[in-house]
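One structure below.
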Amino acid sequence: MSSGLIFEKSSKGRRGISIPKLDVPDINPLDVIPHDVLRADIEGFPEVSELDAVRHFVNLSQMNFGVDTGFYPLGSCTMKYNPKVNEDMARLSGFSKAHPYQAPELSQGALQLMYELEGFLSEISGMDAVTLQPAAGAHGELCGMLMISAYVKAKGKPRKKVIIPDTAHGTNPASSNLAGFTVVTIKEGKGIISPEAVASVMDEDTAALMLTNPNTIGLFETNIKEIADIVHKKGGFVYCDGANLNALMGIAKLGDMGVDVIQFNLHKTFSTPHGGGGPGSGPVGVKKILEPFLPVPRIIKRGKRFNLGFNCPMSIGRLKAFYGNFGIMVRAYSYIRAMGPDGLKKASEMAVLNANYIMEKLKKAYHLPFDQTCMHECVLSDKVQSEKDVYTLDIAKRLMDYGFHPPTIYFPLVVPGAIMIEPTETESKETIDRFIAAMMTIANEARESPDIVKNAPQTTKIGRLDEVNAVKKPVLRWKP
Amino acid sequence: MSYIPHTDNDIKEMLGVIGIKAVHDLFNAIPPDIRLKTPLNLPNELPEQELVREITNISRKNGNIEDYISFIGAGAYNHYVPSIVHHIILRSEFYTAYTPYQPEISQGTLQAIFEYQTLICQLTGMDVTNASMYDGASASAEAVLMAQRINSRPECLLSSALHPEYREVVKTYLGIRRDSIKEIPFCTETGATPVEAVERYIDKDTACVVIQYPNFFGSIEDLSAISEIVHKNGSVFIVVITEPISLGLLKPPGAFDADIVVGEGQAFGSALNLGGPYLGFFATKEGFLRNMPGRLVGETIDKDGKRGYILTLATREQHIRREKATSNICTNEGLCALTAAIYLTALGKTGIVNLAKINLCKMHYLRQRLKELKNVKPAFSSPVFNECVINLNEDGDTVIKSLLKQGILGGISLKRFYPQLNSHILLCATEMNTKEDIDMLIEELKELKNE
């Protein structure tokens with residue numbers, strides 16, 4: 001059942017929090033601001049008591065599924081457990097109450113943390129330099145592609161094309177386009193890219209190849225080095241979308257595979273919560289050759305002192321006011337320090353173990369398009385169930401009735417009816433066994449009583465929503 | 001490592017099911033020459049208690065606005081955050097959720113965003129708002145790109161009184177097309193963007209004109225006159241707001257026929273956080289809806305006719321339109337948008353009006369007291385809200401350093417952004433500055449200036 005909107009709970013004259021008393025002389029705004037700039041009213045603005053507000057939002061929270069509520073195997077999103085202590089660390093006054101324009105001598109702790117985090121990320125990825133400025137993964141992609149664009153322009157031969165596999169996240173082509181490139185799509189026939197496919201489109205007008213490794217089918221791009229050689233020989237760069245880094249920590253470094261640029265999704269691999277859609281953080285790591293193009297400011301260490309460096313003439317500029325989503329960096333830093341090198345490696349190992357265990361058990365009931373060892377996520381499809389008119393969307397909705405958040409569905413686009421499962425390392429075998437049992441039950445239901453699945457979810461407070469109606473007549477705000 | 005639950009026995013059983021002997025066999029697809037032979041060179045793992053000690057020690061190397069009296073604003077504002085904001089955003093059903101792709105179990109996030117969209121529309125006087133952008137600067141850049149999509153014109157006019165870092169971000173987003181940006185110089189007398197200069201700079205190639213309200217110097221711009229010129233020329237009028245508390249008192253940009261209103265929502269309940277995470281808000285007219293970047297939440301009904309909320313109009317977005325999308329934004333600042341919704345709800349209609357008025361009173365008390373100083377003058381004549389520029393008649397950096405020794409963060413020196421304003425500082429006063437704080441600033445300035 002839908003909770004009423006806060007505007008509908010409003011009552012004229014009611015107020016929430018108290019406003020401080022004025023300890024300076026009161027003035028009439030009309031005396032200092034022209035009357036034609038003063039507003040008369042804020043129409044429809046809520047007027048509720050503090051308790052009304054608290055109850056309203058707490059009730060809303062109860063209509064939400066989060067990692068703390070249950071298993072959230074959303075493929076490519078790495079919904080691992082977010083350690084509580086990270087939240088406490090980000091809220092320390094020294095961090096949360098620091099103004100971005102306070103003098104660097106007052107920000108030595110924050111700058112130290114940022115400097116060290118850059119170092120950790122360089123070490124984990126095998127890149128030479130890192131910027132923490134981008135606010136999310138796609139922002140990092142834009143940063144990386146702008147750097148490549150600036151490089152090819154500086155070389156005097158602006159290149160126009162970027163090669164992207166058809167399995168890529170939609171942000172990859174969107175970011176490339178935003179940076180001024182034309183996208184050339186290549187098909188991944190066998191699950192991973194073949195060197196021949198890259199060689200057939202790679203030319204002197206191509207600035208970069210943008211791929212994800214492990215890729216979005218959950219497979220490691222085994223030919224990565226050979227592919228990188230092909231791209232490099234023609235003067236292009238290899239950009240790797242770091243969204244799937246959770247499979248590789250302590251196991252292999254992207255920098256050793258010929259990758260030149262990578263973005264890190266701190267909100268995925270490094271366990272900073274997604275907040276129902278952000279904030280994230282998308283630092284970018286580069287090889288030496290691209291370092292001069294990193295955004296400003298850079299964090300500089302001289303002796304024991306940290307400072308912000310602005311003197312970078314080749315820099316692409318600034319991507320965001322101030323220095324990035326610092327509060328998210330504190331959480332990621334805290335996570336890396338808690339885990340240490342062995343812990344990070346173990347996280348990747350267990351993430352991959354969980355995914356393969358699920359894949360092995362579920363392939364008995366669901367179609368598995370690529371039957372080989374996967375990395376930290378696996379992709380199934382509804383091929384078997386669709387014979388009974390039960391589709392991926394139905395399976396996803398039915399999982400809600402069993403208390404699970406559905407996996408990612410209909411992505412990657414190359415697998416029709418894709419179901420992409422990423423369990424992450426923080427889930428126990430018992431939880432995963434319960435999920436497998438639910439998936440097996442749904443497979444049985446699809447065979448024997450498909451209507452149960454097609455009418456799911458039945459236990460949620462709200463049923464399947466009418467998307468078509470929402471698009472046809474968009475209602476995007478409340479009106480009295 | 002306590003975040004990983006696997007026992008040795010679990011691992012053994014799971015490997016058995018998969019049919020392999022050891023965990024490292026899972027990685028056979030990675031060629032041996034690129035597999036690491038040695039552990040990562042990182043500090044060793046820390047138990048929670050030591051972790052807390054170590055990170056707390058790092059945080060103590062930072063000064064913060066609890067230790068100092070702060071008059072710094074400039075795009076990041078020190079406002080009181082009511083207790084209920086923290087309590088609600090710490091509900092882990094909110095902060096450990098993902099983007100609400102499955103609406104049946106994400107109604108909390110979806111409805112809260114719908115309410116946020118409504119609140120921003122009400123405050124800005126616009127028709128539609130998206131679910132948030134990274135910050136005010138990136139939202140400004142996306143607004144410029146959107147204007148170019150709307151009228152296919154190449155050039156952008158930015159007021160030089162737009163936040164300098166916002167101008168930098170717009171240039172970065174335009175990449176190799178950054179030469180198409182022109183700046184309209186601010187008036188050194190008023191501190192505002194001169195209406196006649198807008199008229200002089202604008203032409204048939206102008207896609208958009210971008211004006212900050214109140215601007216970077218705190219001056220309240222004449223949106224009415226500028227809007228008329230911009231629209232007569234067929235350009236898109238973009239208004240940027242970095243201090244949205246001002247909207248409690250100031251007429252909304254929508255009332256001046258702004259086409260796109262973007263800004264920074266940090267003031268609505270987010271901590272200073274050394275500059276992030278913050279909240280970019282983005283609002284526009286209904287007619288421009290399909291050109292807008294970012295996510296939107298819409299109202300609809302479920303199969304039983306019950307009201308519910310859902311992500312909608314996604315066909316503009318990157319996961320469907322890929323390289324043809326209106327923007328590449330995916331993860332946004334959802335929790336900060338929720339923060340703003342809670343903050344504004346708690347404040348309510350009378351609250352935001354009163355709070356805005358308190359901010360105004362504090363700034364004007366500060367301005368009043370400045371008159372006592374002989375060698376310090378307000379630099380500009382325009383009306384201001386809670387920020388203003390003062391001319392010290394000596395190097396701004398030196399004065400700020402001296403104030404710092406007295407425990408005062410005395411605004412920001414404008415020299416780094418505007419070399420010609422080398423003796424100027426930008427001051428901000430909010431409800432967090434008591435009369436005593438302001439008096440102390442004045443007394444310290446008197447002392448420094450040997451008055």
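The values are calculated or read from the model by the stated rules, or taken from the named source; none is laboratory data. These figures come from a predicted structure and were not determined experimentally. Don't worry about glycine lacking a Cβ; one is built from the backbone with ideal geometry, like all the others, and counts go over all protein chains shown. Just so you know, the surface numbers come from the protein's heavy atoms only, side chains and all, with ligands and any DNA or RNA stripped out. Shrake-Rupley method; radii C 1.70, N 1.55, O 1.52, S 1.80 Å.
The table for this structure:
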| read-out | value |
| --- | --- |
| Restricting region B:1-45 to residues that are open to solvent by 90 Å² or more (accessible area, probe 1.4 Å) and not in a helix (DSSP H, G or I), the residue that is farthest from A:Ile124 (Cα to Cα) | B:Lys21 |
| Wholly within region B:229-348, strands (runs of 3 or more DSSP E) carrying at least 1 residues that are under 16 Å from the mean Cα position of the chain (by Cα) | B:236-241, B:260-264, B:280-284 |
| Scan of region A:260-269 for residues that are within 14 Å of A:Leu132 (Cα to Cα) and either at the interface with chain B (Cβ under 10 Å from one of its Cβ atoms) or touching a strand residue (DSSP E or B) at 6+ places or on another chain (Cβ under 7 Å) (or both), ordered by number | A:Val261, A:Ile262, A:Gln263, A:Phe264, A:Asn265, A:His267 |
| Failed criterion for A:Leu393 (all others in (1) assigned to a helix (DSSP H, G or I); (2) open to solvent by less than 40 Å² (accessible area, probe 1.4 Å); (3) closer than 23 Å to A:Thr167 by Cβ hold) | (2) |
| Test: B:Asn391 is open to solvent by 10 Å² or more (accessible area, probe 1.4 Å), more than 12 Å from chain A (Cβ to nearest Cβ) and out of contact with any Ser or Thr (no Cβ under 7 Å at 6 or more places or on another chain) | no |
| Filter pass, A:Lys429 being touching a helix residue (DSSP H, G or I) at 6+ places or on another chain (Cβ under 9 Å), within 30 Å of B:Asn130 (Cβ to Cβ) and at the interface with another protein chain (Cβ under 9 Å from one of its Cβ atoms) | no |
| Qualifying residue in region A:309-324 (condition: within 26 Å of A:Ser428 (Cβ to Cβ) and either open to solvent by less than 20 Å² (accessible area, probe 1.4 Å) or not basic (Lys, Arg) (or both)) | no |
| Out of A:Asp128, A:Asp52, sole residue that is of a type in the set (Asp, Glu) and surrounded by fewer than 18 Cβ atoms within 10 Å (Cβ to Cβ) | A:Asp128 |
| Options B:Ile89, B:Ile120; residue that is open to solvent by 10 Å² or more (accessible area, probe 1.4 Å), more than 8 Å from every other protein chain (Cβ to nearest Cβ), of a type in the set (A, V, I, L, M) and out of contact with any Gly (no Cβ under 6 Å at 6 or more places or on another chain) | B:Ile89 |
| Failed criterion for B:Asp127 (all others in (1) more than 7 Å from chain A (Cβ to nearest Cβ); (2) open to solvent by 10 Å² or more (accessible area, probe 1.4 Å); (3) within 30 Å of A:Arg398 (Cα to Cα) hold) | (3) |
| Members of region A:72-92 found to be in a loop (DSSP other than H, G, I, E, B), more than 7 Å from chain B (Cβ to nearest Cβ) and open to solvent by 10 Å² or more (accessible area, probe 1.4 Å), listed by number | A:Arg91 |
| The lone exception for B:Gly175 - which of (1) out of contact with any Gly (no Cβ under 6 Å at 6 or more places or on another chain); (2) surrounded by fewer than 24 Cβ atoms within 10 Å (Cβ to Cβ) it fails | (1) |
| Unmet requirement for A:Phe370, which otherwise passes all of (1) closer than 26 Å to A:Asn213 by Cβ; (2) free of Cβ contacts under 8 Å to residues at least 60 places away in the same chain | (2) |
| Residues satisfying the stated conditions in region B:46-61, i.e. open to solvent by 10 Å² or more (accessible area, probe 1.4 Å) and either of a type in the set (Asp, Glu) or not in a loop (DSSP other than H, G, I, E, B) (or both) | B:Glu48, B:Gln49, B:Glu50, B:Val52, B:Arg53, B:Glu54, B:Thr56, B:Asn57, B:Arg60 |
| Options A:Ser381, A:Ser334; residue that is touching a Pro at 6+ places or on another chain (Cβ under 7 Å) and either farther than 30 Å from A:Phe95 by Cα or open to solvent by less than 40 Å² (accessible area, probe 1.4 Å) (or both) | A:Ser381 |
| Qualifying residue in region A:366-374 (condition: part of a loop (DSSP other than H, G, I, E, B) and open to solvent by less than 20 Å² (accessible area, probe 1.4 Å)) | yes |
| Unique match (being in contact with a strand residue (DSSP E or B) (Cβ under 9 Å, 6 or more places away or on another chain) and closer than 16 Å to B:Glu66 by Cα) among B:Leu427, B:Leu409, B:Leu414, B:Leu421 | B:Leu409 |
| Any hit, region B:212-220, residues being at the interface with chain A (Cβ under 9 Å from one of its Cβ atoms), assigned to a helix (DSSP H, G or I) and touching a residue at least 40 places away in the same chain (Cβ under 8 Å) | no |
| Per-region count, region A:182-213, residues within 21 Å of A:Lys157 (Cα to Cα), of a type outside the set (A, V, I, L, M, F, W, C) and not in a strand (DSSP E or B) | 3 |
| The lone exception for A:Leu142 - which of (1) among the hydrophobic types (A, V, I, L, M, F, W, C); (2) more than 7 Å from every other protein chain (Cβ to nearest Cβ); (3) open to solvent by less than 10 Å² (accessible area, probe 1.4 Å); (4) in a helix (DSSP H, G or I) it fails | (2) |
| Meets criteria (among the small types (Gly, Ala, Ser) and surrounded by fewer than 17 Cβ atoms within 10 Å (Cβ to Cβ)) for B:Gly407 | yes |
| Selected residue (only one of B:Ala139, B:Ala147 is crowded, with 19+ Cβ neighbours inside 10 Å, within 12 Å of another protein chain (Cβ to nearest Cβ) and of a type in the set (A, V, I, L, M)) | B:Ala139 |
| Residue that is nearest to the other protein chains (Cβ to nearest Cβ), among those in region A:405-418 that are of a type in the set (A, V, I, L, M, F, W, C) and either touching a Cys at 6+ places or on another chain (Cβ under 6 Å) or open to solvent by less than 20 Å² (accessible area, probe 1.4 Å) (or both) | A:Ala418 |
| Hits in region A:9-34 (condition: part of a helix (DSSP H, G or I), without any contact (Cβ under 8 Å) to a residue 24 or more places away in the chain, surrounded by 10 or more Cβ atoms within 10 Å (Cβ to Cβ) and not β-branched (Val, Ile, Thr)) | A:Pro29 |
| Residue check, A:Phe435 surrounded by 17 or more Cβ atoms within 10 Å (Cβ to Cβ), in contact with a helix residue (DSSP H, G or I) (Cβ under 9 Å, 6 or more places away or on another chain), more than 21 Å from B:Leu110 (Cα to Cα) and within 8 Å of chain B (Cβ to nearest Cβ) | no |
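Per-residue answers, yes or no, for (1) within 16 Å of B:Ile18 (Cβ to Cβ); (2) at pLDDT below 95; (3) in contact with a strand residue (DSSP E or B) (Cβ under 9 Å, 6 or more places away or on another chain):
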| site | (1), (2), (3) |
| --- | --- |
| A:Ala347 | no, no, no |
| A:Glu377 | yes, no, yes |
| A:Lys397 | no, no, no |
| A:Pro406 | no, no, yes |
| A:Phe411 | no, yes, yes |
| A:Ala418 | no, no, yes |
